[in-house]
Amino acid sequence: MALPTIKLDRGIHVTHLFYRINRAAWQSLLPGQSAEIRDRLQTLCNRYNHPCQPRLCSYANSGGKADLAFIIYAADLVELERIRHEVETSFPPGILATVFTYLSVTELSEYTTTEEESRQTLIQQEKLDPESETFKKRIEEVRERLAKYEHYRLYPEMQDWELMGFYPMNKRRAPGENWYVLDFPTRKKLMAGHARVGRKYAGRISQLITGSTGLDDWEWGVTLMAHQADALKEIVYEMRFDEVSARYGEFGPFYVNLRLAPADLWSFLGL
């Protein structure tokens, strides 16, 4: 029976994988097996090296929660799972132990400023005539900006910066602090302030928010690419003072990882 093709109406699937290596089992490998595993992984990384998808990125975990980490991006859920199986079966049985996995999808934020909202801002706050050339030029700039933003959110081309931070999160549903009983205008206003904090880190942080409600144990996954660890620390710290996080945010484990090709992974981990 042929495998199905499972795609989203828009966007792609993303999975984060974290593994620990069984060092005792590794020591029992036959001569040359370590290099064979490394070369198989490199072949996979070379094969799945498109700007957006299908894409396989390899990392070494920093901090000791895991040893290896991977992100897989794929439009087809079946292809994503096939790539995951290819990664795992590159290692002999008993070598890899799963630490944490996370399945999510790219999505648009419901709180993004719409073209109509921008139109009303130009008319009501900037007093532009909707028939004027200035208005038409400004609204065309809005359309182009929104189109670019939506494409990036749905079909990301993440930078290969030195560090990748990842954590899952929920919006709180506690009595008196239940995000989901707030009306939409209130939620949108709060998220606008949250977004302003994130924009301050342009050039230092490249961010991908993926949704996982109904797909995994948390509601969103946050992937942060950075050149330095202090950028990861600062953006999360500053976000904690924003009301969206301070009152309504719940966070899972944090993983900080080094972007390394398989050959460098082996050197870094002493394999």
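The values are calculated or read from the model by the stated rules, or taken from the named source; none is laboratory data. Worth saying up front: this structure is predicted, and the values here are computed from it rather than measured. FYI the Cβ positions are ideal-geometry reconstructions off the backbone, even for glycines, and counts take in every protein chain you see. The accessibility values were calculated without ligands, DNA or RNA, using every heavy atom of the protein model including side chains. Shrake-Rupley method; radii C 1.70, N 1.55, O 1.52, S 1.80 Å.
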Within region 4-28, tally of residues that are under 27 Å from the mean Cα position of the chain (by Cα) and over 17 Å from MET158 (Cβ atoms)
11
Quick one: SER132 ticks every box in (1) without any contact (Cβ under 8 Å) to a residue 40 or more places away in the chain; (2) open to solvent by 50 Å² or more (accessible area, probe 1.4 Å) bar one, so which box is it?
(2)
At least 1 residues that are among the β-branched types (Val, Ile, Thr) and closer than 27 Å to THR101 by Cα in each: list the helices (runs of 4 or more DSSP H) lying fully within region 170-252 that qualify.
229-240, 243-248
What helices (runs of 4 or more DSSP H) completely inside region 32-138 contain at least 2 residues that are hydrophobic (A, V, I, L, M, F, W, C), modelled with pLDDT under 95 and more than 30 Å from GLY270 (Cβ to Cβ)?
115-124
Here's a check for you: in region 162-206, which residue that is small (Gly, Ala, Ser) and either touching a residue at least 60 places away in the same chain (Cβ under 8 Å) or under 17 Å from GLU110 (Cβ atoms) (or both) is surrounded by the fewest Cβ atoms within 10 Å (Cβ to Cβ)?
GLY193
For region 8-32: of the residues being under 14 Å from GLY94 (Cα atoms) and touching a residue at least 40 places away in the same chain (Cβ under 8 Å), which is most open to solvent (accessible area, probe 1.4 Å)?
ARG20
Identify all residues within region 1-52 that are under 23 Å from ILE71 (Cβ atoms) and among the acidic types (Asp, Glu); write none if there are none.
ASP9, ASP39
